[in-house]
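The structure appears below as structure tokens.
The values are calculated or read from the model by the stated rules, or taken from the named source; none is laboratory data. Please read these numbers as outputs of a predicted model, since none were measured by experiment. We place every Cβ from the backbone using ideal geometry, glycine too, and count neighbours over all the protein chains shown.
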Amino acid sequence: MSRLSVYWPDECHTNPKAGNDRAVILRFPTAAAAAPVAQPLDIISRARLIFENRRCCQCGYPVVKPVELDDALTNSSGLEIPGSATLVGFECTSCDASWSI
């Protein structure tokens, strides 16, 4: 059975182990280094696309829903973050017409 010893960073250099027992220092990544780096969202371009496609291009109906991929970012509770999914097109709720961006 092996023993796991915990050292403070200052103690590693001042109290080296003697003999065959050699202190092995395991470095664990900090929370900031372990978290994946997300690409910044271009919020203004997304808002412009939604504004430009607010009406159906075939019937002119004013209720259009965005079509998004299933790649939204999730928060710490596992819920999707609104507006973080990739926008690929729009769909009319009246005539069921759909178009890509």
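Tally up the residues in the range 44-53 that are surrounded by 11 or more Cβ atoms within 10 Å (Cβ to Cβ) and either under 13 Å from the mean Cα position of the chain (by Cα) or free of Cβ contacts under 8 Å to residues at least 40 places away in the same chain (or both), please. Talk me through it step by step, then tell me what you get.
Taking the range 44-53 as the starting set, the residues that turn out to be surrounded by 11 or more Cβ atoms within 10 Å (Cβ to Cβ) are 46-50, 53.
So of that shortlist, the ones also either under 13 Å from the mean Cα position of the chain (by Cα) or free of Cβ contacts under 8 Å to residues at least 40 places away in the same chain (or both) come out as 47-48, 50.
The total comes to 3.
Search the range 68-92 for residues that are touching a residue at least 40 places away in the same chain (Cβ under 8 Å) and pair each with any residue that is surrounded by 13 or more Cβ atoms within 10 Å (Cβ to Cβ) and acidic (Asp, Glu) when their beta-carbon atoms are under 7 Å apart and the residues are at least 6 apart or on different chains.
Sorted first by the residue in the range 68-92, then by its partner, the pairs are Leu87/Glu68.
Check off (1) part of a loop (DSSP other than H, G, I, E, B); (2) surrounded by 10 or more Cβ atoms within 10 Å (Cβ to Cβ); (3) modelled with pLDDT under 70 for Cys12 and give me the number that stays unchecked.
Of (1) part of a loop (DSSP other than H, G, I, E, B); (2) surrounded by 10 or more Cβ atoms within 10 Å (Cβ to Cβ); (3) modelled with pLDDT under 70, only one is false for Cys12: (1).
Looking at the range 59-69 only, could you name the residues that are in contact with a strand residue (DSSP E or B) (Cβ under 7 Å, 6 or more places away or on another chain) and either surrounded by 10 or more Cβ atoms within 10 Å (Cβ to Cβ) or among the β-branched types (Val, Ile, Thr) (or both)?
Cys59, Tyr61, Val64, Lys65, Pro66, Val67, Glu68, listed by residue number.
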